[in-house]
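Novice: Okay, handing you the structure first.
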Amino acid sequence: MSVGEVSGYVAATLVFMTFYMKTMVPLRVIGICSNCAFITYGFIGGLYPVLILHAILLPLNSLRLREMLQLTKQVRAAAHGDPNMDWLKPFTSTRHAKAGEVVFRKGDAANDMFVVLSGHFRLVETGIEMISGNVVGEFALLTPEHSRTQTLECVEAGILLHISYNHIEQLFFRIPSLGSTFCS
């Protein structure tokens, strides 16, 4: 068996392994190894479409791996007490609230949560004060009917980061340790 054939079989095996991966970091690492094996296979075999495709995919996989490692590092820092939520910002939109405004009411259907960036908010039913860095609205994600368990009122004008439950679920799937950030 030639070196080209061996590299082709190795590349094919690595592609199969990428479909087996459940988390993003190992998937990207195996994808990068697959790209390298396919580049070797394409070069030795003169298979230029394969060579070009994987020469393009290699830097893309490398970039996505770097982004995922940075995000994972930021999530770990947040889970260990760093209140900086900047890592979450790319997945959110900003919502400005005025004093006296009700952000959501108890019993409302819920499909999102918030992180307080500034201002002062209060959960009406319990009187719990929400200030910068606090996460609010996450409990409805855990209820079977996805409904609000309390009313959130803006006491002093502020800014909230808004993130949908769909984005949260995608982040949980990519980074299983993320749950400790919101549940601590």
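The values are calculated or read from the model by the stated rules, or taken from the named source; none is laboratory data. All figures in this text were calculated on a predicted structure; none of them were measured in a lab. Calculation scope for accessible area: heavy atoms of the full protein, side chains included, ligands and nucleic acids excluded. Shrake-Rupley method; radii C 1.70, N 1.55, O 1.52, S 1.80 Å.
Novice: Please report the spacing between the Cα centers of segment 122-137 and segment 39-57 in Å, no decimals.
Specialist: Distance between centres, Cα-based: 55 Å.
Novice: Which order do ARG148, ARG122 take when ranked by solvent-accessible area (1.4 Å probe, heavy atoms of all protein chains), largest first?
Specialist: Heavy-atom accessible area, descending, gives ARG122, ARG148.
Novice: Which whole-Hz ³J(HN,Hα) couplings does segment 11-21 yield from phi under the Karplus relation 6.51 cos²θ - 1.76 cosθ + 1.60, θ = phi - 60°, glycine and proline marked x?
Specialist: Taking θ as phi minus 60°, the curve returns 4, 5, 5, 5, 4, 4, 4, 5, 6, 7, 5 Hz for segment 11-21.
Novice: Let me ask another. List, in order, the whole-Hz ³J(HN,Hα) value for each residue of segment 102-114 obtained from phi through the Karplus relation with A = 6.51, B = -1.76, C = 1.60 and θ = phi - 60°; use x for Gly and Pro.
Specialist: Computed from phi, the couplings for segment 102-114 are 8, 6, 7, 10, 4, x, 4, 5, 10, 9, 7, 9, 9 Hz.
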